[in-house]
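Visitor: If you scroll down you'll find the structure; I have some questions about it.
The values are calculated or read from the model by the stated rules, or taken from the named source; none is laboratory data. All figures in this text were calculated on a predicted structure; none of them were measured in a lab. Using ideal geometry, Cβ is built from the backbone for each residue, glycine included, and neighbour counts are taken over all protein chains shown. Side chains are part of the model used for accessible areas, which takes the heavy atoms of the whole protein and leaves out ligands, DNA and RNA. Shrake-Rupley method; radii C 1.70, N 1.55, O 1.52, S 1.80 Å.
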Amino acid sequence: QFPFGRRLPCDIYWHGVSFHDNNIFSGQVNKFPGMMETVRKITLSRAMRIMQDLFPLEYNFYPRSWILPEELPLFVAEVRTMKDNNPSWKPTFIVKPDGGCQGDGIYLIKDPSDIRLTGSIQSRPAVVQEYICKPLLVDKLKFDIRLYVLLKSLEPLEIYIAKDGLSRFCTEPYQEPTLKNLHQVFMHLTNYSLNIHSGNFIHSDSVNTGSKRTFSSILCRLSSRGADVKKLWSDIISLVIKTIIALTPELKVYYQSDIPAGKPGPTCFQILGFDILLMKNLKPMLLEVNANPSMRIEHEQELSPGVFENVPSPVDEEVKVAVIRDTLRLVDPQKKKRKDAHSELFPKPTPRVIVCCRCQNSEQAPEASEELPDAAPGAEAALPSLCLKQVFPKYAKQFSYLRLVDRVAALFIRFLGVKGTTKLGPTGFRTFIRNCKLSNSNFSMAAVDILYIDITRRWNSMGIDHKESGMCLQAFVEAFFCLAQKKYKSLPLHEQVASLIELCECRLAALHGKRLLWTAT
């Protein structure tokens, strides 16, 4: 471990918290720039809402969400309307602080008036979501699933899902929310960090019992009851791919800012923790995505009052060791070199170094690192089969039509102009409109400026990011959707957006062709 960084170059850097834990210029790093910001509850909810607007049926696995404080009036109005339309509807909502983790600050409410409107809601924004009242129960307990997903590459997009995960249980029998039980966190919240403090929490040496079990043990149980486990897995894979597709546009903006195209720099990969809840009908629902899932394989046990020791956790070890081992096998930079060297009969072994830098806590990075020699011939064959299953590009054809916002982000990045920035200035926006020939007698350049100012001012007032001035990606997406709706009024939104993307790409390609011709002559 090198908590203060390391001057010598490494093949793989294993950072504890973020891409910026250490200055790196080559090799591979286990974090993407901007990932922590992209999967925060508010940013994730915004990204999912964009996709729900485009493809409502395909993205119905994410609960209806509102962002506080700016959408509180909208939340109040929409709930009132829904109650008026359906007087029998008795909703419950869950409030989650944007930067919260491990269950911190989460609470349930029955009515918008129950939101704790203290000063903290201004300084600590939150997401409020419809609470899933009918979860699948096992042993009368609510549970969620932590699945590990490897984002191996952003461009081209490459996604792997671990074949097993963790099932984390509440520690009190579940009852549907009422005013009397809303505050019983051990009944409603599945967070391990909360339930570990319950007197009913069971540490087990078996992966099939206790308050934390393998997901595969739950699948076996469901299969024995006649459930369609193959369809469940297919739905989970679909959920993961669609979620990553929703996140990639924002990630690409951060990526080009930190690692500009055409310049030498590191490549990235990252293990993500997907928290999924199964409904009673086995429909998977996305709760959140964790950029730094715990990789701890032990837990604290109290020997006597105030005296603790770390005890191995068999269920954590079974799942997490395989995930880290196989991530390193997939990103191993020496694999191709070994093959090339072997074919030439001149092997040139190079040491492989993993560096753990500035770990936030003991849960967020492997405990130790060391210099590892190259694998001996046949060592790969001696390892267990990969626990990580590739799902993209394997199933790319089924999901490619969803990647509209990726193409909008490509237009946004193209007109950023200044390397290292993440926001589009007014000149860049005007150049985009002019080059794509989107202004006309009904939409003048003055109207273009007004559109830019109105949308940018509103997004900046939300306090998204004050480090740079200008239009962020999500504001540009809103402006793009507005332009698409003006131009193609009779079409559904996703067809409006797709039509405008194709028009812009076609006109930019023609402009590029003309410039090449001018250069040649």
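Visitor: Which of the trypsin sites (Lys or Arg not before Pro) across segment 246-316 are loop residues per DSSP, with 14 or fewer other Cβ within 10 Å?
Guide: Values: sites: K252, K280, R296; in loops: K280, R296.
Counting only loop positions with at most 14 other Cβ atoms within 10 Å, the trypsin sites (Lys or Arg not before Pro) in segment 246-316 are K280.
Visitor: What does the accessible area per residue of the chain come to in Å², with a 1.4 Å probe and no ligands, DNA or RNA counted?
Guide: Values: 25540 Å² over 521 residues.
Result: 49 Å² of accessible area for each residue.
Visitor: Checking understanding here: applying a Kyte-Doolittle mean of at least -0.5 and a length along the axis of at least 30 Å (C-alpha), which whole DSSP H helices in the chain pass?
Guide: Values: long enough: 229-258 (42 Å, 0.45); 493-520 (40 Å, 0.41).
The qualifying helices are 229-258, 493-520.
Visitor: Here's a follow-up. Going through the cross-link list K41/K252; K180/K230; K31/K486; K110/K142; K263/K320; K96/K230, which pairs have a Cα-Cα distance over 30 Å in this structure?
Guide: Details: K41/K252 19 Å; K180/K230 38 Å; K31/K486 40 Å; K110/K142 20 Å; K263/K320 35 Å; K96/K230 32 Å.
Where the Cα-Cα span goes over 30 Å, the pairs concerned are K180/K230; K31/K486; K263/K320; K96/K230.
Visitor: Still on this model: For the chain, evaluate the Debye formula with one uniform point scatterer on each Cα (no solvent term) and list log10 I(q)/I(0) at q = 0.09, 0.11, 0.13 Å⁻¹, rounded to two decimals.
Guide: Summing over Cα pairs of the chain leads to -0.74, -1.09, -1.46.
Visitor: Kindly identify segment 35-144 as rounded, prolate or oblate by the Cα gyration tensor criterion: order the square roots of the eigenvalues as a ≥ b ≥ c, call it rounded if a/c is under 1.5, otherwise compare a/b with b/c, prolate if a/b is larger, else oblate.
Guide: Values: a/c = 1.14, a/b = 1.06, b/c = 1.08.
Because its axes are fairly even, with a/c under 1.5, segment 35-144 counts as rounded.
Visitor: Let me ask you something else. For the chain, what is the calculated [θ] at 222 nm in deg cm²/dmol (nearest 500), taking -39500 (n - 2.57) for each run of four or more DSSP H residues and dividing by its residue count? Before the final figure, lay out the partial values.
Guide: On the way: 17 runs with 202 residues, N = 521.
Here the helix-only value at 222 nm equals -12000 deg cm²/dmol.
Visitor: Which whole-Hz ³J(HN,Hα) couplings does segment 159-175 yield from phi under the Karplus relation 6.51 cos²θ - 1.76 cosθ + 1.60, θ = phi - 60°, glycine and proline marked x?
Guide: Running phi through 6.51 cos²θ - 1.76 cosθ + 1.60 with θ = phi - 60° gives 10, 10, 10, 5, 6, 9, x, 10, 10, 10, 9, 5, 10, 10, x, 7, 9 Hz.
Visitor: List the residues, sorted by chain then number, that are 5 or more residues from L287 or on another chain and whose placed amide H is less than 5 Å from its amide H.
Guide: HN-HN under 5 Å from L287: D275, I276, L277.
Visitor: Indicate the gyration tensor shape class of segment 407-472 (rounded, prolate or oblate), computed on the Cα atoms with a ≥ b ≥ c the square roots of the eigenvalues: a/c under 1.5 is rounded; otherwise a/b larger than b/c is prolate and the rest oblate. Before the final figure, lay out each step's value.
Guide: Numbers: a/c = 2.37, a/b = 1.32, b/c = 1.79.
It comes out oblate by the Cα gyration axes.
Visitor: Over the chain, with every protein chain in place, what whole percent of the accessible area is carbon and sulfur at 1.4 Å, could you tell me? Mind dumping the intermediate values first?
Guide: Working: 14210 of 25540 Å².
For the chain, the apolar C and S fraction of the accessible surface comes to 56 percent.
Visitor: Find the centroid of the Cα atoms in segment 55-93 and in segment 215-261, then give the distance between the two in whole Å.
Guide: 25
Visitor: 5 Å is the cut-off here: which amide hydrogens, built 1.01 Å from N in the peptide plane, fall below it relative to H299, excluding neighbours closer than 5 in sequence?
Guide: When sequence neighbours closer than 5 places are left aside, the close amide H contacts are V311, S313.
Visitor: Translational diffusion coefficient, Stokes-Einstein: compute it for segment 401-519 using the Kirkwood radius over C-alpha pairs as Rh, at 4 °C and 1.567 mPa s, and state it as an integer in µm² s⁻¹. Please report the intermediate quantities before stating the final value.
Guide: Working: Rh = 15.0 Å.
Once the numbers are plugged in, D ends up at 87 µm²/s.
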